[in-house]
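The values are calculated or read from the model by the stated rules, or taken from the named source; none is laboratory data. Owing to the predicted nature of the structure, the values given are computational and were not obtained by experimental measurement. Cβ placement follows ideal geometry from the backbone for every residue including glycine, while neighbour counts extend to all protein chains displayed.
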Amino acid sequence: MARIVITGGAGFLGSHLCDRLIERGDEVVCLDNLITGQVENIEHLFGNPLFTFVNQDVSNHIWVPGDVDAVLHWASPASPPDYLEAPIQTLKVGSLGTHNALGLAHSKGAKFMISSTSEVYGDPQVHPQTEDYWGHVNPVGPRGCYDEAKRFSEAITMAYHRYHGLDIAIVRIFNTYGPRMKPRDGRVVTNFLRQALQGEPITIYGDGKQTRSFCYVEDEVRGFLALLDADETGPINIGNPNEFTMLELAELVLDVTNSSSELVFEDLPVDDPMQRQPDITMARERLGWEPEIQLREGLQRTAAYFESLGIDNL
Ligand code: UDP
């Protein structure tokens, strides 16, 4: 049993992490300013003695009284439309927020774990992406606010590790989907599922031949816990290596939802990566982790979640 602070704990991934930690008996202090996180994701935990929620912007000074065993820094907008709308807050939470969370971990003698991203690889020229690839990122493009914030957060985490001897872990998260994603977060899985369920056209950006590799949230969070419990700093890729074009994803979504929505083609966003696939050899060998839920089943579960929200409310 441990006492764990999680920033961004009301977000899509953060809230699943809160659930799993509490299930195993850990005490969780969740900090979130609810810019992109949602109370709905955590309200089932209100009243649980193991759970505390503090509405707080972690880019400002943070302090948590009492002992802390681990600080998990998960706060950040993560959907491209979200971080394009809040570029300065995204840069602040990746830089100032990471510094504050590191400071908290350091002062408590706690382990620090940071959610990094496959975006540190940018539009990768090495495929699949291994952790030793330095990436191909445009610092001044629109995605730079997210990519560079995360790259900085990795750099300052390593500086605390080297300079202060802080116990750290860095996880590079690839595209993840599942229940609690906001139907209108603008990401591809949510857009396609919502469009298919509502009988709207499916919006393919570019020619749809770009690829992504999608991990179901349950698998992803199991990977986070494996890393938290391990004696590994990373960075380590946690993602599902099965790679799909956006056209293949659209076909699968239509099939799973039994929808006859048409496909429409729209402009490709600036600097949209052409391909993305994690090499998970390191996670397999060092954490004994690999994903179990494949895309069709994960999409079925996510579609069921959207249906439970009411298709007209999506
Ligand atoms: N995409 C698309 N249609 C949409 C939303 C996204 O074709 O309605 C594409 C997008 O251009 C990108 C991929 O899907 O190539 C994944 O986009 P997402 O925003 O989910 O995340 P990313 O992996 O780019 O961070």
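When segment 163-188 is examined, which residues are found to be surrounded by 22 or more Cβ atoms within 10 Å (Cβ to Cβ) and at positive phi?
Of everything in segment 163-188, just one residue is surrounded by 22 or more Cβ atoms within 10 Å (Cβ to Cβ) and at positive phi, namely G178.
State the number of residues belonging to segment 189-224 that are under 30 Å from G288 (Cβ atoms), within 10 Å of the ligand (Cβ to nearest atom) and among the β-branched types (V, I, T).
Final tally of qualifying residues: 2.
What do you reckon, is R3 charged (D, E, K, R), touching a Gly at 6+ places or on another chain (Cβ under 9 Å), in contact (Cβ under 8 Å) with a residue 24 or more places away in the chain and surrounded by fewer than 24 Cβ atoms within 10 Å (Cβ to Cβ)?
Values: charged (D, E, K, R): yes; touching a Gly at 6+ places or on another chain (Cβ under 9 Å): yes; in contact (Cβ under 8 Å) with a residue 24 or more places away in the chain: yes; surrounded by fewer than 24 Cβ atoms within 10 Å (Cβ to Cβ): yes.
So R3 passes the test.
Report, by residue number, each residue of segment 59-93 that is more than 17 Å from A110 (Cα to Cα) and touching a strand residue (DSSP E or B) at 6+ places or on another chain (Cβ under 9 Å).
A75, S76, A78, V93
Condition first: over 18 Å from the mean Cα position of the chain (by Cα), within 23 Å of Q198 (Cα to Cα) and not hydrophobic (A, V, I, L, M, F, W, C). Now tell me which residues in segment 264-300 satisfy that.
Correct list: E266, D267, R296, E297, Q300.
Tell me the residue from P235, P179 that is modelled with pLDDT of 95 or more, more than 24 Å from I311 (Cβ to Cβ) and more than 13 Å from the ligand (Cβ to nearest atom), please. Even if it seems obvious, please write down each step before you answer.
Numbers: P179 fails: more than 24 Å from I311 (Cβ to Cβ).
Sole residue among the options that is modelled with pLDDT of 95 or more, more than 24 Å from I311 (Cβ to Cβ) and more than 13 Å from the ligand (Cβ to nearest atom): P235.
Here are some residues: D271, D279. Which one is within 16 Å of the ligand (Cβ to nearest atom) and surrounded by 13 or more Cβ atoms within 10 Å (Cβ to Cβ)?
D271
When you look at I173, is it more than 16 Å from the ligand (Cβ to nearest atom) and either polar (S, T, N, Q) or closer than 29 Å to Q125 by Cβ (or both), yes or no?
no
Residues E200, E154: which one is crowded, with 18+ Cβ neighbours inside 10 Å, modelled with pLDDT of 95 or more and acidic (D, E)?
E154
List pairs: first residue in segment 105-124 and under 14 Å from A70 (Cβ atoms), second residue of a type in the set (D, E) and in a helix (DSSP H, G or I) anywhere in the structure, Cβ distance under 8 angstrom, at least six positions apart or on different chains.
Short answer, once both residue conditions are applied: I114/E154.
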